[in-house]
Structure formats: C-alpha cells, structure tokens
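One structure is given below, encoded as structure tokens.
The values are calculated or read from the model by the stated rules, or taken from the named source; none is laboratory data. Keep in mind the model is a prediction, meaning the values are calculated, not measured. When we count neighbours, we look across all protein chains shown, and the Cβ atoms used for this are built from the backbone with ideal geometry, even at glycine.
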Amino acid sequence: MKIAMLVYPQMTLLDLVGPLQVWSLWPDSETHLVWKDTHPVSTDSAAILVPTHSFADTWADPDILFAGGGTAGTFALLEDETVLDFMRDRGSKAKWVTSVCTGALVLGAAGLLDGYKATTHWMALDRLANFGAQAVQERWVIDRNRATGGGVTAGIDFGLALMAEIAGEDLARAVQLAIEYSPKPPFASGNPAEARPETVELVKTMFSAQNS
C-alpha cells in the first residue's frame, strides 16, 4: 500500500496525523509525506513537519493520494499551480483520491472532485459546489474511489472507514482498538447542529479574524 500524503506550510496538523496514525498500522504499507522539496514546513500549531519526499521523488502512481486542510495555508494552495499540477497528475493515477477537512478544496481546485459526492469542514462545505462536487455534511463520504473526511478530528473516522473499505472491517476494527479510539467528548459541541448558537458564532468570528 503506497500512501502519498501532501504536507505544506500552515496546514492543520491533526488533519494529517489522524489518518497517518491509523494507516501506520496498515500491514505492508509505506507512507511518503510529500511537498515541493524536503525542507521543514510549519503547521498551524507549534509543530514542524519534515517532508520525506519531494514531488519529483515520490511515486508516480500511489495507491492513496491524500490532502489535509487548514485555513490561510490551504487557500494559498488553491492558486498554486505547482501543487495543483502535482495533485492532478498523481490523482489521475492513484487508486484512491482522498482528503480531510479543507483538503477537499485542494482536490476540487485540481479538478479531482467534479461529479463526486464529498465533504469537508462545515464552514467550507458550501465551497465544494464551486468545483462541481456534491456537498454532503457527513463525518466521511466515500463515492467510488473518492474518500473525503469532515473537519480535523474526522480524520480518524475517515482513516478507519477507508481502511475498512479497502482492507476489510476486521483490520479496521483491530486498528481502532489498538489506538483505543472510543471518543467521549466533554461537551455536545462538535458540529453546528449540536453546538450552542453563540458557540457557532464565536467560532465563525475566530476563523474570520485568522483569515483577515
């Protein structure tokens, strides 16, 4: 299983780490963290990522091509033709084209979601139609060989769901147990439908300030 995961400046770390941790337990798999070069890249947390491979040095035909999301860093990619050309090329050859959070917008900008059902972070869901995708507000969506996850923490659910789709439920169940994934959040505030209205507005204000 050849897994190519896009990393880039100011991406959201957990978008990557969620599925990366799940897929690290996939037997007979290898993961490349890919960027234009192999210089360290910042994330939107204090952590720094070091790509393992450049665009030129990674596989031409990965089994899984993945893009995580973010805010300002992600939106910058939507006009970066070097990145979009790479995603188009590898996406045309990959067995699975996948994303978490606003990584779906990167897939969309590369023309990889036209005619597919897809999901993303709830605040970016309406943008998917701009790329010819059918937006679905779910934790994850699998449509043919496209698999997309919702915002940030959905990466773990998405990672397990895709593993089950490809390798079978038994392996995915074992991996879920191995990482002790049994979430019990302290609040019912994880999506707009269950959060308090004032909480939704606060989050919108926070993100607006970050991107102003």
Subject >> Count - residues of region 78-92 that are over 18 Å from D63 (Cα atoms), touching a Gly at 6+ places or on another chain (Cβ under 9 Å) and not in a loop (DSSP other than H, G, I, E, B) >> reply: 1
Original post:
Which one is surrounded by the most Cβ atoms within 10 Å (Cβ to Cβ) among residues in region 1-41 that are under 19 Å from I156 (Cα atoms) and of a type in the set (S, T, N, Q)?
Top reply: T12
Original post:
How many residues does region 139-155 contain that are surrounded by fewer than 23 Cβ atoms within 10 Å (Cβ to Cβ) and within 20 Å of V203 (Cα to Cα)?
Top reply: 3
Original post:
Which ones in region 65-75 are out of contact with any strand residue (DSSP E or B) (no Cβ under 9 Å at 6 or more places or on another chain) and not aromatic (F, W, Y)?
Top reply: T71, A72
Original post:
When you look at V22, is it in a helix (DSSP H, G or I), closer than 26 Å to G168 by Cα and touching a Gly at 6+ places or on another chain (Cβ under 7 Å), yes or no?
Top reply: yes
Original post:
Looking only at residues in region 42-74 that are of a type in the set (F, W, Y) and surrounded by 19 or more Cβ atoms within 10 Å (Cβ to Cβ), which one is nearest to the chain's Cα centre (by Cα)?
Top reply: F66
Original post:
Within the group G103, G91, G115, which residue is assigned by TED's automatic domain parsing to the domain that holds F55, without any contact (Cβ under 8 Å) to a residue 24 or more places away in the chain and either surrounded by 17 or more Cβ atoms within 10 Å (Cβ to Cβ) or not charged (D, E, K, R) (or both)?
Top reply: G115
